[in-house]
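Participant: Would you mind keeping the following structure in view while I ask a few things?
The values are calculated or read from the model by the stated rules, or taken from the named source; none is laboratory data. Computed from a predicted structure; not experimentally measured. Cβ coordinates were reconstructed from backbone atoms using ideal geometry, including for glycine residues, and neighbour counts include every protein chain displayed. The protein model used for the area step is the full one, side chains on, heavy atoms only, and it has no ligands, DNA or RNA in it. Shrake-Rupley method; radii C 1.70, N 1.55, O 1.52, S 1.80 Å.
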Amino acid sequence: MRLENKVALITGANSGIGKAIAERFLAEGAKVAINYLPGKPNEADTLAQIAAYGDNALAVGGDVSKREDVEHCFAQAVAKFGRIDIAVNNAGIEIKKPFVDVTDHELELVLKINLFGAFYVHQSAARQIISQGGGGRLINISSVHEDIPFPQFTPYCISKGGMRMMMRNIAMELAPNKITVNNIAPGAIATPINQSVLDDPEAVKNALSEIPWGRFGKPEEVASVALFLASDEAEYVTGSTYYVDGGLTQQVTLY
Ligand code: NAD
């Protein structure tokens, strides 16, 4: 049990990568506040799924793009579990659109969820952890597109690039409080966010041609890196990005 007596809050953790991280953390003994976006048609299923994890899991509904929702999620987690040790920014969306056609609403939507939401979550977590005397783990699920351009996904790339700079900056600020801050940059992982690609054989073929490992990644493969970064073993690891991409980043660099 690598996370015994630890309390984690993970955003967007009812699906894909966040769900895999929540399940891995629970399996390693953590207590986990599982954030989900309320008001979706599958809300009852989400709540039933989280309830089935047992007493170490708590469903905390809230839109990460709203500061008051984020603060309420942390308040609920602290009320139930007494503290926060780990916060994972996982919630995210992407919109595919040529740069010249992106509307203000689309730009704001992506930045508010992916970047402002991440800011609110890590700021709330840091405040709580410092009030407990320090010592904690902040993790962002960014993307290879925190660094690699992705035509037609400009707001998404801005958000993930911003997340990279936020991570590097606050890693320095929070080091005296013994709070580590790191990013995980997934490549192409088989999750609902990629459903349109996964459903299109030609798009799958194109995607695979860019992945030296020859397949999509699994959410569990991202979760195992999150587990390491969240664990006591990662005490001296801060201010960096860890790629989980089957070599995609290196392949792109070649051309
Ligand atoms: P996903 O669509 O399964 O998960 C995204 C989650 O974010 C969902 O649970 C969704 O409900 C939640 N969410 C969206 N808006 C929210 C809001 N306003 N408040 C709270 N929750 C909200 O897809 P995923 O692949 O598991 O994505 C997780 C993260 O991984 C995202 O940040 C994504 O950018 C990143 N990522 C994914 C891949 C990939 O290939 N799957 C690659 C790189 C990065």
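Participant: Assuming 0.36 nm per residue, please report the length gained on full extension of the stretch E235 to R2 beyond their Cα-Cα distance. Don't skip to the end; give the middle numbers.
Facilitator: On the way: separation 233, 0.36 × 233 = 83.88 nm, distance 1.30 nm.
My answer for the length gained is 82.6 nm.
Participant: Continuing with this model, one more query. Sticking with the crude label model, points 7 Å out along Cα→Cβ, report the distance from A75 to F150 in nm, one decimal please.
Facilitator: 3.4 nm
Participant: At a Förster distance of 22 Å, what's the computed FRET efficiency of S224 paired with T249, Cβ-Cβ distance as r, to 0.05? If you can, show how the numbers build up before the last one.
Facilitator: Numbers: r = 18 Å, r/R0 = 0.84.
So, using R0 = 22 Å, E works out to roughly 0.75.
Participant: Determine which aspartates and glutamates satisfy two conditions relative to K178: a Cα distance under 20 Å, and not lying fewer than 8 residues away in the same chain.
Facilitator: E4, D85, D232, E233, E235
Participant: Taking 0.36 nm per intervening residue step and subtracting the Cα-Cα distance, what contour gain separates A203 from I95 on full extension? All intermediate terms of the calculation are to be shown ahead of the outcome.
Facilitator: Values: separation 108, 0.36 × 108 = 38.88 nm, distance 1.67 nm.
That works out to 37.2 nm of additional length.
Participant: Also, quick follow-up: Considering just Cα atoms, how many Å³ per residue does the convex hull of the chain enclose? Working shown, then result.
Facilitator: On the way: hull volume 33.3 nm³, N = 255.
For the chain, the hull spanned by Cα atoms encloses 131 Å³ per residue.
Participant: Oh, and also: On the accessible surface of the chain, probed at 1.4 Å, how many percent belong to carbon and sulfur atoms? Can you show the working numbers first?
Facilitator: Details: 6720 of 12230 Å².
Answer for the chain: carbon and sulfur cover 55 percent of the accessible area.
Participant: Rounded to a whole number, what is D in µm²/s for the stretch 94-231 from Stokes-Einstein with the Kirkwood radius over alpha-carbon pairs (25 °C, 0.890 mPa s)? Numbers along the way, then the final one.
Facilitator: Details: Rh = 16.5 Å.
The Stokes-Einstein estimate is 149 µm²/s.
Participant: Can you tell me the orientation of helix 43-52 relative to the chain, as the angle in degrees between its alpha-carbon axis and the longest Cα principal axis, to the nearest 10?
Facilitator: Here the helix axis deviates by roughly 50 degrees.
Participant: Evaluated at 37 °C with a viscosity of 0.692 mPa s, what Stokes-Einstein diffusion coefficient in µm²/s does the stretch 161-255 have when Rh comes from the Kirkwood expression over alpha-carbon pairs?
Facilitator: Numbers: Rh = 14.9 Å.
Translational diffusion coefficient: 220 µm²/s.
Participant: While we're looking at this one, here's another question. Enter the per residue convex hull volume of the stretch 98-156, computed from alpha-carbon coordinates, in Å³ rounded to the nearest integer.
Facilitator: Details: hull volume 4.2 nm³, N = 59.
Cα-based convex hull of the stretch 98-156, divided per residue, equals 71 Å³.
Participant: In the stretch 16-164, what is the count of Lys pairs whose alpha carbons are under 21 Å apart, counting only pairs at least 8 residues apart or on separate chains?
Facilitator: Lysine pairs, 8 or more places apart or on different chains, close enough: 14.
Participant: Label point 7 Å out from E28 along Cα-to-Cβ: which residues of the stretch 62-99 have amide N under 17 Å?
Facilitator: What the label zone holds, given the 17 Å backbone N cut-off, is 84-90.
Participant: Against the longest alpha carbon principal axis of the chain, how many degrees, from 0 to 90 and to the nearest 10, is the axis of helix 154-174 turned?
Facilitator: Between helix and principal axis, roughly 40 degrees.
Participant: With a probe of 1.4 Å, find how much accessible area the stretch 70-141 has per residue, and write the answer as a whole number in Å². Kindly include the intermediate steps, with their values, before the conclusion.
Facilitator: Values: 3230 Å² over 72 residues.
Result: 45 Å² of accessible area for each residue.
Participant: With a 1.4 Å probe and all protein chains left in place, how much accessible area per residue does the stretch 203-255 have, in Å²?
Facilitator: Values: 3140 Å² over 53 residues.
Normalised by residue count, the accessible surface of the stretch 203-255 is 59 Å².
Participant: Using only alpha-carbon positions, what ratio does the radius of gyration of the stretch 140-198 give when scaled by 2.2 N^0.38 Å? Walk me through the numbers on the way to the answer.
Facilitator: Details: Rg = 13.6 Å, N = 59, 2.2 N^0.38 = 10.4 Å.
The reported ratio for this selection is 1.31.
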